[in-house]
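Asker: Before we start, here is the structure in question, set down as structure tokens.
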Amino acid sequence: MSKKKDAPAASAPPEIHVLNGPNLNMLGFREPEVYGHETLTDLEKKLRDAVKESGLKVKIRFFQTNYEGEMLDYIHSLVLGLAQKGGLGGILINPAAWTHTSIAIRDAVMMLKPVPIVEVHLSNPLEREEFRHHSVIEDLADYRIAGMGQDGYLEGLRWLLSEMQKERLDVH
Ligand code: DQA
């Protein structure tokens, strides 16, 4: 291995991770009257573009899964990597149906508490069936957005970027 590869990635930019739970891979096809016509790929492009436009030195990464254990493993990998690289700037999470049911997801998100957490929902669960009214992570989230469609993710991203600047993370 070259020396360069072994060197600590001290100047690696902080990362924002966008986590999407079950059925969100079906955006654009799934109940478009509720979730809109745009796809998950459209959403990821908008977020990537927004980071580019911000001019900040931040990496944005995306993860979607329909498997709870995979989401847990992904969150664990973020927890274990918290102190490494440029650091974790924040998390944008739409746990989808797990929002209302999964104590396991809650317990995992709890381990991310040292970083800013945004809970985002495309629809407004409070205006829908009663079983959607409760979120098991609402008290862990530093910022919550619902009912703004994909724009809600952009709003959450802007909030995270401003928090990262306040925290003086090396984003410039
Ligand atoms: C959702 C709302 C949840 O109730 C639902 O199960 C989802 C998506 C939203 O983004 O509006 O899958 O999180």
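Here, each number is a calculation from the coordinates, and none is a lab measurement. Because the structure is predicted, anything quoted here is derived from the model rather than measured. All Cβ positions, glycine included, derive from the backbone under ideal geometry; neighbour counts span all protein chains shown.
Asker: Which value, in nm² and rounded to one decimal, describes the direction-averaged projected area of the C-alpha convex hull of the stretch 86-140?
Answerer: 3.9 nm²
Asker: Over the stretch 19-172, calculate the relative contact order: mean separation of alpha carbon pairs under 8 Å at least 6 apart, over the residue count, as a percent.
Answerer: 25 percent
Asker: Where the centroid of each part is defined by its Cα atoms, how far is the stretch 32-107 from the stretch 125-139 in Å?
Answerer: 19 Å
Asker: Grab every C-alpha pair in the stretch 62-161, bin the distances at 5 angstrom width from 0 up to the longest one, and report whole percents.
Answerer: For the stretch 62-161, the binned pair fractions read 2, 13, 24, 25, 22, 10, 3, 1, 0 percent.
Asker: By how many degrees, between 0 and 90 and to the nearest 10, does the Cα long axis of helix 151-166 differ from the longest principal axis of the chain?
Answerer: The answer is roughly 30 degrees.
Asker: For n ≥ 4 DSSP H runs only, could you compute -39500 (n - 2.57) per run for the chain, divide by its residues and tell me the 222 nm figure to the nearest 500?
Answerer: Rounded to the nearest 500, it is -10500 deg cm²/dmol.
Asker: Can you give me the Rg/Rh ratio for the stretch 46-90, using Cα atoms for both radii and the Kirkwood formula for Rh?
Answerer: Answer for the stretch 46-90: 1.04.
Asker: Same structure, new question: Suppose R0 equals 22 Å; then what is the FRET efficiency for ARG158 and PHE63 from their Cβ-Cβ distance, rounded to the nearest 0.05?
Answerer: With a Förster radius of 22 Å, E is 0.60.
Asker: Give me the tail of P(r) for the stretch 15-67 as a percent: Cα-Cα pairs with distance above 15 Å.
Answerer: When every Cα pair of the stretch 15-67 is considered, 51 percent fall beyond 15 Å.
Asker: Find the lysine pairs in the chain meeting two conditions, Cα atoms under 23 Å apart and a separation of 8 or more places or different chains, and report how many there are.
Answerer: Number of lysine pairs found: 22.
Asker: While we're on this one: Give the Kirkwood hydrodynamic radius (Å, one decimal) of the chain, defined as one over the mean of 1/r across all pairs of different Cα atoms.
Answerer: Evaluated on the chain, it is 16.6 Å.
Asker: Now for a different question. Measure nothing but the geometry: give the 0 to 90° angle between the long axis through the Cα atoms of 68-80 and the longest principal axis through the Cα atoms of the chain, rounded to 10°.
Answerer: With rounding to tens, the tilt is 30 degrees.
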